[in-house]
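Taken together, the values in this text are just the output of simple stated rules run on the coordinates, not laboratory data. The structure displayed is predicted, hence computed values, not measured ones. With ideal geometry, Cβ positions are generated from the backbone for all residues, glycine too; neighbour counts draw on all protein chains shown.
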Amino acid sequence: MGTVTVRIPEDKRDNLKVIASLERRNIKDILTELIDEYLDRHRETLELLSKPEWLEAIRRGKEEVELGVKGKSLHELEG
């Protein structure tokens, strides 16, 4: 597994060190756990972004919003 340098503001780094020490855990393990949790929360987004047809639909939708195109109401979508 490769490594990467992450810049963390000093105050947050110091707090992280204190918590890691109290929990007798390695900072690397804490950061890995937090990254895993973040990725799990965004798994659906990653899946949608991996589908070209969804990316195109999102792009078109953003263009329509920028152009001021009126969207459909919930009633129109249900009908």
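Structure summary
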read-out: Matching residues in region 47-58 - criterion: being assigned to a helix (DSSP H, G or I) and exposed (fewer than 10 other Cβ atoms within 10 Å of the Cβ); value: Pro52, Glu53
read-out: Residue in region 22-31 that is surrounded by 10 or more Cβ atoms within 10 Å (Cβ to Cβ) and under 30 Å from Gly71 (Cα atoms) present; value: no
read-out: From Val69, Val65, Val18, Val6, residue being in contact (Cβ under 8 Å) with a residue 24 or more places away in the chain and either among the small types (Gly, Ala, Ser) or exposed (fewer than 11 other Cβ atoms within 10 Å of the Cβ) (or both); value: Val6
